[in-house]
Structure formats: structure tokens, C-alpha cells
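Only one structure is covered here, and it is reproduced in the block below.
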Amino acid sequence: MSRLAFLTALLLIGSCTKPAAASALLIEHVTLIDGTGGAPKPDASVLVEGDRIVAVGRGALPNVPAGVERIDGRGKFLLPGLIDAHVHLKRRARDPGMIEQILANVLLKSGVTTVRDMGGNGEAVRALAEASRPPGARSPEIVYSALFTGSRSDFWMTGDLVRVITPEGEPGSRPWFRHFANSDGLEQAVRDAKAFGASGVKLHSGFTAAEVARIGAEARRQGLRIWTHAFIGPARPSDAVEAGAATISHADQLAYEGAEEPLPPLMGPAYRAQTQRMMAATPVDGPGLKRLFERMKAKGTCLEPTLMVMTPPHPTPEMARYLAWVATATGRAHRAGVAICAGTDNIGGSTSNLPEELRLLVERARLTPLEAIRSATFENARALGLADRGVVAPGKRADLLLLSADPGADIANVKRVAGVVARGVWHEAH
């Protein structure tokens with residue numbers, strides 16, 4: 001990353017009005033929804049010092065520091081800061097400064113305090129990530145991945161997309177984006193991703209089960225997470241689970257668990273039609289998905305369904321059947337004990353898309369509002385390896401979302417933002 005790229009990102013993210021800062025912050029007499037999915041706690045108070053939560057209790061807290069900034073939480077609801085587990089910040093060309101403004105004025109203001117980037121121009125994303133970390137940065141903190149594609153995934157080597165991701169050098173040869181012509185160099189690529197600063201490796205497509213297992217083993221040695229598409233083709237969802245994937249993305253791809261050999265390529269113009277054929281071969285109540293969900297539960301693999309990105313405003317009858325399979329599969333996974341992670345695969349423009357993903361989890365997949373909130377807080381933090389956030393508890397990072405209406409009564413109320421605390425800094429809603 002060049003020094004100029006870093007300074008540009010820092011300037012753009014920090015260019016908005018400076019948020020209110022205090023050495024100590026007390027949100028008192030609020031209804032607390034702690035992110036675990038448990039019952040809301042009335043008349044709770046939360047004390048923040050620096051970037052940490054230091055106390056959570058009922059009513060008035062003892063030993064509150066003098067000069068603390070007090071926020072009256074009566075009639076309001078406090079949640080952990082939301083996490084969007086699937087964004088692409090620099091995967092396509094955008095106007096200069098657009099992403100930085102979305103991060104500051106859309107995502108952060110909507111209560112999204114962490115995002116996971118799942119593949120794009122790594123140098124640009126790393127600059128944004130470094131600028132997002134200091135307290136007071138006008139951005140969610142950015143966790144980023146290295147994108148891997150296998151020899152059966154030539155889709156990635158055509159068109160303009162690859163030149164946005166790797167504007168210089170040979171496409172598919174950079175530490176943040178590797179395309180493999182064969183099985184050579186898998187382990188070294190994982191080590192290169194670690195050196196580049198990635199928190200995980202995202203497997204897109206084109207890998208065999210044996211290759212996925214090798215990547216997973218090296219990732220564990222390097223302390224990296226494995227995040228994959230549900231179907232990595234020809235590797236099935238169950239191959240990703242057995243290799244230790246922390247998340248598998250896109251619930252429609254669960255249908256490939258029942259695919260017959262030879263498995264088709266993942267991407268291309270025939271993707272929707274071939275996935276519908278896979279759905280016909282893989283009933284949601286059949287033994288294949290039952291076994292898959294049992295293994296996901298046992299291994300702790302989170303399903304990130306991305307319902308919003310595949311839901312058009314006015315679906316055709318054919319598309320409605322497709323979406324019904326996706327929603328039913330997501331609901332069955334949840335009822336089987338599989339953790340659900342919330343990711344949009346599309347960050348939004350004038351508004352964040354994460355509330356829409358939560359709405360679909362509730363209305364289509366039949367999670368309760370508190371379970372949907374858990375998916376965007378506790379479960380996402382666990383799947384991203386972020387043990388310091390995702391729940392409101394002493395010792396956790398002070399990423400908090402204050403709402404003016406009850407999201408447990410109506411999940412749409414996650415859009416009723418009264419204020420956001422990001423890394424201990426209070427940001428007033430406007």
C-alpha cells in the first residue's frame with residue numbers, strides 16, 4: 001500500500017464533522033438487548049471508558065467517574081453495534097470518495113460498526129481498513145479477506161472485474177487475489193495472505209475437496225479463518241464444512257450438496273437455471289441437507305444466506321419458487337441448530353442494506369427479531385474471529401447501537417437510530 005493511498009483514505013473517512021468524544025460515557029435506564037438472543041433487560045445501564053465497556057448493571061451504577069457524559073436511555077433500546085458479514089468495497093469502479101462517504105454517512109450512521117470485505121482491490125481495501133481502526137474514525141472497522149479461485153473458475157479471468165481487483169501486474173497473482181491454474185502453491189498463497197494482513201481466506205469457486213482441505217489446514221496453522229461460498233465447485237458445501245470453514249455464503253448454493261458428478265461450473269449465464277436443477281435434486285427436507293446441517297452444527301459453521309441480494313422487488317413466479325427454496329432451507333438450517341450470519345453482499349447506497357437482510361431473515365426464514373439481531377452481532381463476531389465484540393458485556397469493545405423503538409417488537413425498528421457508539425466514541429444521530 002502506498003503512503004498516498006493510506007493518507008487519502010484517512011482524510012476521506014475523517015473528513016466529516018468530528019463526533020463527540022468523552023473519556024467516560026454512561027447510557028442509563030435503557031432496555032438492553034445484549035446480542036445473545038436472550039430476553040431484553042429493562043432499566044439497564046452501561047458504562048464505557050475509553051473504547052471498552054467496563055460495567056453493565058440494573059438501574060443506577062455505583063462508582064461512576066466524575067464528569068462522565070450521561071445519555072438518558074429511557075424509552076430507548078441498546079444493542080451491540082451491527083456487523084455486516086459480506087461487503088465488497090472495491091470490487092468495481094466507483095466515483096472517487098463514494099465508498100468512503102457510504103462508510104461514514106450510511107453504514108456507521110445506521111449502526112454498522114464492523115464489516116467484512118469479501119474480495120476486491122486489496123491495496124485499496126487495506127488502506128481503508130487501516131484508516132478505519134482509530135477511535136473516532138468515521139467508518140465501521142473493516143476486516144478483509146484474500147480471494148482465492150481455482151483452476152475450474154475461469155470466469156474470474158475474463159471481463160473488467162479482474163482489472164479492478166488487480167489493476168497492475170498479472171491478474172490473479174497478487175496476495176489479495178490468487179487464481180490457481182493447478183494445485184501448486186496453495187499453502188504459500190495462504191501464507192502470503194497472512195503477510196498481507198488478511199484476517200481470512202475467501203474461497204470463491206473452482207476447487208476440489210482435497211484442495212479445500214489443504215487450504216483449510218494451512219489457514220489453521222497461520223491463524224486465519226476460512227470463509228467460502230457454499231458451493232466451491234466441484235467441492236460441495238459439506239467439503240467446506242469438513243475443511244473448517246467458519247462461514248459458507250449464499251443459501252441457494254446449498255442445493256449443490258445433492259449434485260451428481262460431474263458437477264457444473266459455479267458462475268456464468270446458466271447459473272440460475274443450473275441451480276434450479278440442483279434444487280430439484282436436493283429437497284430441503286431430504287437426507288442430504290439434514291446431514292449437512294448436522295455437520296455444520298457440530299463444526300460450528302455459520303450459514304450466511306444473503307437473502308436480500310437475491311430478492312428482486314417483483315419476482316416472477318419462477319423466481320418466487322427459487323426464493324421459497326432458499327428461505328425454507330435457511331429456516332431449516334436454523335431450526336437444526338446451525339448458526340445464521342447476516343451479510344448483505346451489497347452494502348447499499350443512500351441507506352444500509354443490513355436492516356433489509358434482517359427483515360428477510362425474520363419474515364422469510366422465520367427467525368425471531370432477537371435471533372436476527374444475534375445473527376448480525378454475536379454470530380457474526382464469532383464467525384469473523386472478533387471475540388472483543390458482538391455482545392454487550394464488561395470487557396467487550398464499546399460498539400453500541402441506541403434505538404428509539406423496540407426491534408424485538410418489529411425488526412424494522414433497527415432503522416430507528418438514536419445514536420451509535422463506535423470504539424467508545426459517541427456519534428449523534430441526525
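The values are calculated or read from the model by the stated rules, or taken from the named source; none is laboratory data. Because the structure is predicted, anything quoted here is derived from the model rather than measured. Please note: Cβ atoms are built from the backbone with ideal geometry, for glycine as well, and neighbour counts cover all protein chains shown. Accessible surface is based on the protein model in full, side chains and every heavy atom, while ligands, DNA and RNA are left aside. Shrake-Rupley method; radii C 1.70, N 1.55, O 1.52, S 1.80 Å.
Taking a straight Cα-Cα cut-off under 29 Å and skipping sequence neighbours fewer than 8 places away in the same chain, the lysines within cross-link reach of Lys194 are Lys90, Lys202, Lys297, Lys299, Lys396. Placing one equal scatterer on every Cα of region 48-112 and applying the Debye formula, the log10 ratio I(q)/I(0) at q = 0.22, 0.28 Å⁻¹ is -1.08, -1.39.
3J(HN,Hα) along region 379-394, derived from phi through the Karplus expression 6.51 cos²θ - 1.76 cosθ + 1.60 where θ = phi - 60°, amounts to 5, 5, 4, 5, 5, 8, x, 9, 6, 8, 8, x, 8, 8, 7, x Hz, with x in place of Gly and Pro.
Put simply, region 187-239 fits an ellipsoid with semi-axes of 19, 10, 9 Å; these come from the alpha carbon gyration tensor as the roots of five times its eigenvalues, largest first.
Over all pairs of different C-alpha atoms, region 292-372 has a mean inverse distance whose reciprocal, the Kirkwood radius, equals 13.1 Å. Peptides 176-188, 320-332 ranked from most to least packed, by the mean per-residue count of other Cβ atoms within 10 Å: 320-332, 176-188.
When the solvent-accessible area of the chain is split by element, carbon and sulfur atoms take up 53 percent of it, the probe being 1.4 Å. Note on the chain: helix-only mean residue ellipticity at 222 nm, from DSSP H runs of 4+ residues weighted -39500 (n - 2.57) and normalised by residue number, equals -9000 deg cm²/dmol. Residues in region 334-405 average 32 Å² of solvent-accessible surface per residue, probe 1.4 Å, ligands and nucleic acids excluded.
Using the 1.4 Å probe convention, the accessible area of region 214-326 works out to 42 Å² per residue with neighbouring protein chains retained. Kirkwood analysis of the Cα pair distances in the chain returns a hydrodynamic radius of 21.9 Å. Note on region 343-430: along the principal axes its Cα atoms extend 35, 32, 26 Å, ordered by decreasing extent.
Its relative contact order, with pairs defined as Cα atoms under 8 Å and 6+ residues apart, puts the chain at 20 percent.
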